[in-house]
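Bear in mind these aren't lab numbers, they're just calculated from the coordinates by the rules spelled out. Note that this is a predicted model, so its numbers are computed, not measured. Here the Cβ positions follow ideal geometry from the backbone for every residue, glycine too, while neighbour counts run over all protein chains shown.
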Amino acid sequence: MRQLKITAKLPSRSELDLVFFSFSRKEWLGFWALVVLLLFSTISMLQTINKSFMVSVPMHGGSISEGIVGTPRFVNPVLSFSDADKDIVKLIYSGLMRKNTDGTLVTDLAESYEMSEDSLIYTFTLKDNLFFHDGTRITSDDIIFTVEKIKDPIITSPKKASWDGITVTKTDDKTIVFNLRQPYSSFLENATVGIIPKHIWRDSPIELNEANINPIGSGPYFIKDTKKESSGTITSYKLQSFNKFALGRPYIKTINLNFYQNETDLVEALTDRSIEQAGSISPEKAEKLKEDKQIINSSTLPRIFGLFFNQNQNQLFTNKVITEAISKAINKDRIVNEVLLGYGVAIDTPIPQNIIGYEKLTRIDNETKEQSRQQAQDTLAKDGWKIGESGFLEKTVSEGGKNINKVLEFSISTGNAPELAKSASLIQEDLGAIGIKVEVKTFDIGNLNQSVIRPRNYDSLLFGQIINNESDLYAFWHSSQRRDPGLNVAMYTNTRVDAILEEAFTTTNKDDRIKKYSQFENEIIKDIPAVFLYSPSFIYATGEEVKNLSIDHIVSPSARFSNVYLWYIKIDNIWKIFSK
């Protein structure tokens, strides 16, 4: 059988012309429709392929406007007291180390550091080509000068206590050595303090230096322009990104800081879009801004608000039946919802969130608020307390050889800030419901500190502890801190807790330190020297444009600017191979 040989060849031009000339109108429409479909499909496919090789990256440029309540006064790391000063310091200055918003520490001006085996010597090496905003080179002398100013007893820096017992020496222009009297677990936190230029501050008293309001640092931004009222009061700073910032040129080119006398003016500026961002907003104002379609961010701060018992002033608090009943009767969630409007969390521990990287002790509590209150009433009844003629719980006790009816009563001293006053009122209501008589005493902050807290003149104190790092727990709970100027407002004494805190304070191994603080937490929960109530949230109103802004783990309002150099507004799409 013959095999057929089949060959294929492309049609000739004349054959194609014959085909096309034979098309009807309908066939032509179909043909061109297929051509257009093929064209769009090809373009779409190429775009998809292109996008798979593309990535969005931040670009330099853009500006934001931030509102701050207060007026710049001491914009330097040594003396900054107010929130306004601390905010600006975070933008203007750099330290040897820098704390990210997630709580981790990274080198900033330092290229590297070494710690001796006994944890008593820290040696820092500076990066090359470090400059202040005025172009002056940064050397070891500037670091030593800054530390000496902090430690100067005449200046009374708020950071002085953290530097007591630490000496600093210079090896050369790039090497600084810190010698510690004893191991200090939070020393690297100290190293985040902003460095001030010696050549600007050395020739005049630090409190009177013009650089307090015209600061020169080495941080991500420098002051480009200042606006003042006729009285000399600063109304705004225009900040510009510093190209020689040690961690790289910031993406956002300009930050405008506008200063306001009060929160009402600040919120009005947000509402009329004079500014785009503002922090430390109250819960009530935050809810109104939400109605105005503002973006509200919040993050729990490491601040412990609680009812601290003074056993020396009122012996009732030596009875754990009473302190436990008080703890069970107080509805913490109600305080968070009604006072903080949900901007906070109820707490049961002296250790705040976002401070120590360990899982908290798990406390399973399946009781409802009604069951908890009933349990408080039952335990007090078993202890002999019954409702008497006064309408409150009473108990017959022997004092001075006589039997008397003692009313279960105490007073709460607190500040006249709306948040504290309202919280005290709710506590008074909760305790009154189980028969405990409570008197609320409110004071302005100055009088509260001088006449109540310093002399420890209170039955119980509704107050807040600001804990910036774990070492601060020593100041609030070690027995050596019971008397002014110590901060142990519960007048708490426990030799085991003292030993735990002392060991934790000097332990540089993180895992060992975590175990110590877990032991500390157990002891406090067992002894009930206070009822821990809530940790409030930092509330930050922001615009939609800024990317990479995070406040999830900040420890203070000013810490929102810790990674400001990584914020960005503008983006570009480039191939992945060029993004490295």
What's the ranking of 158-170, 226-238 by average number of surrounding C-beta atoms within 10 Å, highest first? 158-170, 226-238
Under the 0.36 nm per residue contour assumption, what length would be gained going from the current alpha-carbon distance of K510 and R334 to full extension? 59.8 nm
Neighbour-count order for T349, T42, fewest beta carbons within 10 angstrom listed first: T42, T349
Take W201, W32 and order them by how many other Cβ atoms sit within 10 Å, fewest up front. W32, W201
Please name whichever of V564, T167, N209 sits farthest to the positive end of the charge dipole of the chain, dipole taken about the Cα centre and charges placed at Cβ: Lys and Arg +1, Asp and Glu -1. V564
Could you work out Rg/(2.2 N^0.38 Å) for segment 303-537, with Rg from alpha carbons only? 1.02
Which of rounded, prolate, oblate describes segment 288-407, given a ≥ b ≥ c as roots of the alpha-carbon gyration tensor eigenvalues and a/c under 1.5 marking rounded, otherwise prolate only if a/b is larger than b/c? prolate
Taking 8 Å as the Cα distance limit and 6 or more residues as the minimum spacing, I'd like the relative contact order of the chain as a percentage. 21 percent
Report, as a whole number in µm² per second, the diffusion coefficient that Stokes-Einstein gives for segment 135-224 at 10 °C and 1.306 mPa s using the Kirkwood radius over alpha carbon pairs. 111 µm²/s
What spacing in nm lies between the two simple spin-label points modelled at E114 and E502, each 7 Å away from Cα in the Cβ direction? 3.2 nm
Read phi for every residue in segment 238-253 and hand back ³J(HN,Hα) as whole Hz from Karplus 6.51 cos²θ - 1.76 cosθ + 1.60, θ = phi - 60°, with x for Gly and Pro. 9, 9, 10, 4, 9, 5, 9, 4, 4, 9, x, 4, x, 6, 6, 6
Once Rh is set to the Kirkwood radius over Cα pairs, what Stokes-Einstein translational diffusion coefficient, in µm²/s, holds for segment 471-510 at a temperature of 4 °C and a viscosity of 1.567 mPa s? 128 µm²/s
Can you give the Kirkwood hydrodynamic radius of segment 57-191 from its Cα pairs, in Å with one decimal? 16.5 Å
Let me see the P(r) profile for segment 458-572: every Cα-Cα distance counted, bins of 10 Å, each bin given as a percent of all pairs. 11, 33, 27, 17, 10, 2, 0
Using just the helices of the chain, give the 222 nm mean residue ellipticity in deg cm²/dmol: DSSP H runs with n ≥ 4 each add -39,500 (n - 2.57), and the total is spread over all residues, rounded to 500. -9000 deg cm²/dmol
What order do you get for I275, I216 when you list them from fewest to most C-beta neighbours inside 10 Å? I216, I275
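For segment 187-344, how big is Rg over Rh, using alpha carbon atoms and the Kirkwood form of Rh?
Details: Rg = 22.8 Å, Rh = 20.7 Å.
Over the Cα atoms of segment 187-344, Rg/Rh equals 1.10.
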Mean Kyte-Doolittle hydropathy of 0.5 or higher plus an axial Cα length of 15 Å or more: which whole DSSP H helices in the chain meet both? 25-52
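The chain: percent of C-alpha pairs farther apart than 47 Å?
29 percent
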